[in-house]
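Read the structure below first, then the notes.
The values are calculated or read from the model by the stated rules, or taken from the named source; none is laboratory data. Keep in mind it's a predicted model, so treat the numbers as computed, not measured. With ideal geometry, Cβ positions are generated from the backbone for all residues, glycine too; neighbour counts draw on all protein chains shown.
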């Protein structure tokens, strides 16, 4: 193992063995296109089992598309979306939510550790109700958050309470939903629709699959014509089985949760190791698969000299992501390099 | 082999062996995300070799996205796109060109066998030049066409002549570009930029790959910020290597052309066989991998009873598509069923 | 009176005396902005009286904006709008319906004298129901039509029958609604919501006002947030009273109808005169304020030599529009020039 | 004179006498539509004289439309616009810039007294240059600002220096450009294109006209097809002369500047008066026609009891706007009420 981009993101890892086998199987013979195949039907049924409800499921290629199309199904162009100021929809999607909704504005909420503060959400919802400002229509929460923290169901319910009374729907950016679930231990139902989530973008790519995210509507009124929306947006796969077969397999026997638990455990180990190193300080609670640390120039230099790649932030911040493919050996190698 | 959807489309077949091997290789180890990997760099270089020019290449997931984003890079919302009345951008993309361009109108050209008639294109370009109508800005041609015919370079050059003098750019919807090239025999350069094509959407899915089309800009002025456009549109793959590795392999040693030639040859055999069957009449020149036939109710009934699936059109029309995976056995089986 | 553009369009005439007086009154003192004034409230109430129902009324600046915003309130980007092939939304709004709806496609219906044929509308609604084509969501009819003909309530009701059973709403482009009403003689209610119209764009500009069209929603569910839509689209006047005061006055004592009747009567006289001239042939029933005629080269030449301006069409067609300001003297002058 | 909304906004006043006379003249006879008339030609020429350059001029109905269309002509959907956090484009246009550009994001700059701080603009321009964030493409400055302050040419030039080196264009929201010019005393050329402004939205409504703003392009490359953009956006007036005639008149003999000077002078008097009142504190430099004051509850109560209307802000802030129509009597009446 050579040090490299293993911790740079949870998308530097490829396709996990179970997803790979599913692709192999799906590649036999011919299959009807555009999702009219048994892999897709069965994958959708698996979501209904996992979430214990008759949800509506659509597969798209990227998280950016999933979030933006989901938000566009909630919002007209003159609406606004409340999201945390460090949320992915605000900082890393190149204006995709604005593009797909034809103009919805993002209103930025504050909150510790990348979690939206209910009081600040309430403030944003109430701050303007005149025609000259976009009307708040959706709250977007990231689960797990961009800082690797996790909303507990009671926290979601508190946000739900704020939203519900103002006709604001809840969207969950679950690019790392699996990691959040592995962390919470509760049922997926409890962490989503039972806590007010109307639509969930469930990340596949960072859970060991390739080129797929699932948009899961718990409020089926919102998804009535979502298939047309996906098609028009260039997000309907003709060879859909190569997407759905991966989901079908990972949702079986809890493979998705197992890999997410592994990634989370490695993040814990990494954080524990860093805590004992002088010049490394853990910045946020490590509740999923991300470790944010403040590194001294020395530690940073040693890691980079050893060949490790990772996102750096102003002021010495560093982000390390663990994935389904992370190994104990890699964690120890990185810690060794950090120690010097 | 059981009769089924083998001829329903060229996307019912899966991933060809070479692309599969490329995926396997790409799945080893970790790779930087978003295309910052050697597979992607090498794949782009391969396009430059194949087209003998310093073109700019981007990978997206679907043909709908490829066409729409390419057209959006040519057009403002108040422009119009000229396309054949049976073109895919008009009939099968759910208004995606209008969506991605934020309103560009499609103007429908006439022409035999799904090929745009230069005189009709000229008529459309000249018909309106006032503010009250969208200004023609692009011509979109399908290569091969929706009826399985192929533009010869001299036909493209004639259209180019019409376009050039009015500031109209040329876009090529090459969902089946490989089949067209296998049919033409000339160089890819001759069939594209040397004949006036500014941007080509080169189909991967129907050429034996999965979930990928390449947008190839010959006019690099047009692609200056295309990467941002793709990202905003949810078309930037984080695990890009699983896309680019397929292209890198198929463009090597002419694999792409070999498969397209095979598909075309099967289409020829299928057409030849149908021509000898009473109640089957070939409707368009078979120049690529599609066979359009008019079937008598008896022939149609026999095929369906045997289990064959295919698109049917009003008045007895039927479409049969051959792919990289089509076998002689399948062709003979279908012909046998048609004969009864 | 010098011959000129008097018949070129019904927007070459200015502001009628009653509207002018209303502007004068509205210019006294100060008024709250953005429609929060008594002129606007009273104007809206006048619409409710004229239409005998609790409709929702919004004022915008142009017919293009009125139609497009109304259609955008009916359609998502992946929907389609059925309209006659010669309708203004298709031919003279520079793709505005596609722009405001972020991509809705127009499907073109046939029909004699610019009126949508119910059978062809039904064909378009039923022709496609798959994901690959925009779903029909609205029918747009022009009243009076672009050829100066008028839908009778029973014709609208027949179209309504077709629409209703497929979840398709009805939009009326009433740029010349006043002329249609003056022609029909029935109540405005009968010609609109009682015949299935969900939203009417009622033209002010061609009825003797300046820079105003009214969007009248009979289905208030559709207009719930229309005020935000107008504001975002740059169609909310800060000095709204200068718009609403005109409407308030013209809807009083039937001024709007009186002017429209005058214009229609002049069109009748003009058509009658032309019918008696060799080399002039009336092309469509003259039911509103437009006269379409086929002119011989001689007649055409004489009119142009005399200084008259009008739209000419390929093959000798000419359009003459009468307005609130048209005089008998002008009609006779034009006829005199035509006679030579 | 009864106290009311005289100071609530500079759009509660109507049309000034000169503009009114121009409308009267324009209402005589017939005129070609859509701006093909002499009033429009002459108005455009007047702009060229005022700005001492061959600029390109378009008339639209509202400031929201002017700003949004101008920005859309600078930006693609994946670009971003830098604007002050209290700028009108951010706070009071209901997401119109995002809508017309199909998704451009606004990046919020800081700066004292509503003026963009060059260092903060530079920070925003440089902060991100990756594909995952919209690329800065325009800076929007308000002149005069939302706090009634005015950029001096040297301040604009400093911003220009920052922009120029990064390919960022400069847009000026001049809803109150006249008031800024009256305040600065320099030439309009010096305050715009000679200081780097590429496109100016010159406000008519707040300068004594009705329903018109002018978009003035100093960089004609940017306006090449702006007329189509306006038409598609529903911003092309058919009876254009009623817009252009107002401009033609107000740009003659400096009427526009005279009224703006009057409004500014009244604002000075109002501020001077308030400064002497206990419980009133002036919050920003009074450089144009706005007076921002912090009022004690007593003063606020007295003013409201007397019938005065004005915008109030959290913490006791109040905004008073003077207009072309403001009189000394009104200023004294308001001051008198404030004094109690």
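For this structure, a couple of remarks:
Residues are listed down the side, and each one gets a yes or a no for (1) over 21 Å from residue C:232 (Cα atoms); (2) within 11 Å of another protein chain (Cβ to nearest Cβ):
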{"position": "C:63", "(1), (2)": "no, yes"}
{"position": "C:68", "(1), (2)": "no, yes"}
{"position": "C:114", "(1), (2)": "yes, no"}
{"position": "C:128", "(1), (2)": "yes, yes"}
{"position": "C:131", "(1), (2)": "yes, yes"}
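- Selection count, region B:189-224, where residues are farther than 22 Å from residue D:78 by Cβ, touching a helix residue (DSSP H, G or I) at 6+ places or on another chain (Cβ under 6 Å), part of a loop (DSSP other than H, G, I, E, B) and within 14 Å of chain A (Cβ to nearest Cβ): 3
To keep it simple, each residue is scored yes or no on (1) surrounded by fewer than 21 Cβ atoms within 10 Å (Cβ to Cβ); (2) modelled with pLDDT of 95 or more.
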site: C:279; (1), (2): yes, yes
site: C:287; (1), (2): no, yes
site: C:299; (1), (2): no, yes
site: C:304; (1), (2): yes, yes
site: C:308; (1), (2): no, yes
site: C:317; (1), (2): yes, no
site: C:322; (1), (2): no, yes
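- Residue A:265 being more than 17 Å from the chain's Cα centre (by Cα) and in contact (Cβ under 8 Å) with a residue 60 or more places away in the chain: no
- For region A:225-340, the strands (runs of 3 or more DSSP E) that sit wholly inside it and include 3 or more residues that are within 14 Å of chain B (Cβ to nearest Cβ) and under 26 Å from residue A:152 (Cα atoms) are A:317-321.
- Residue A:260 vs. criteria out of contact with any strand residue (DSSP E or B) (no Cβ under 9 Å at 6 or more places or on another chain) and within 30 Å of residue A:314 (Cα to Cα): yes
- Any hit, region D:234-252, residues being surrounded by 21 or more Cβ atoms within 10 Å (Cβ to Cβ), touching a helix residue (DSSP H, G or I) at 6+ places or on another chain (Cβ under 8 Å) and free of Cβ contacts under 8 Å to residues at least 24 places away in the same chain: yes
- Residue within region C:178-193 that is touching a strand residue (DSSP E or B) at 6+ places or on another chain (Cβ under 9 Å), surrounded by fewer than 23 Cβ atoms within 10 Å (Cβ to Cβ) and closer than 30 Å to residue A:227 by Cβ present: no
- Among the criteria (1) in contact (Cβ under 8 Å) with a residue 40 or more places away in the chain; (2) in contact with a strand residue (DSSP E or B) (Cβ under 6 Å, 6 or more places away or on another chain); (3) within 14 Å of chain D (Cβ to nearest Cβ), the one residue C:84 does not fulfil is (3).
- If the condition is being within 28 Å of residue C:267 (Cβ to Cβ), without any contact (Cβ under 8 Å) to a residue 60 or more places away in the chain and surrounded by 23 or more Cβ atoms within 10 Å (Cβ to Cβ), then region C:122-155 contributes C:139, C:141, C:142, C:143, C:151.
- Taking the criterion of being surrounded by 20 or more Cβ atoms within 10 Å (Cβ to Cβ) and facing chain B (nearest Cβ under 8 Å), the only residue of region A:32-54 that qualifies is A:33.
- The conditions of being touching a helix residue (DSSP H, G or I) at 6+ places or on another chain (Cβ under 9 Å), at pLDDT 95 or above and crowded, with 19+ Cβ neighbours inside 10 Å are met by residue B:260.
- Any hit, region B:325-334, residues being surrounded by 19 or more Cβ atoms within 10 Å (Cβ to Cβ), without any contact (Cβ under 8 Å) to a residue 60 or more places away in the chain and under 18 Å from the mean Cα position of the chain (by Cα): no
- Test: residue in region A:1-22 that is within 14 Å of chain B (Cβ to nearest Cβ) and under 30 Å from residue B:307 (Cα atoms): yes
- Yes/no for residue C:29 being touching a strand residue (DSSP E or B) at 6+ places or on another chain (Cβ under 6 Å), without any contact (Cβ under 8 Å) to a residue 60 or more places away in the chain and either at the interface with chain D (Cβ under 10 Å from one of its Cβ atoms) or surrounded by 24 or more Cβ atoms within 10 Å (Cβ to Cβ) (or both): no
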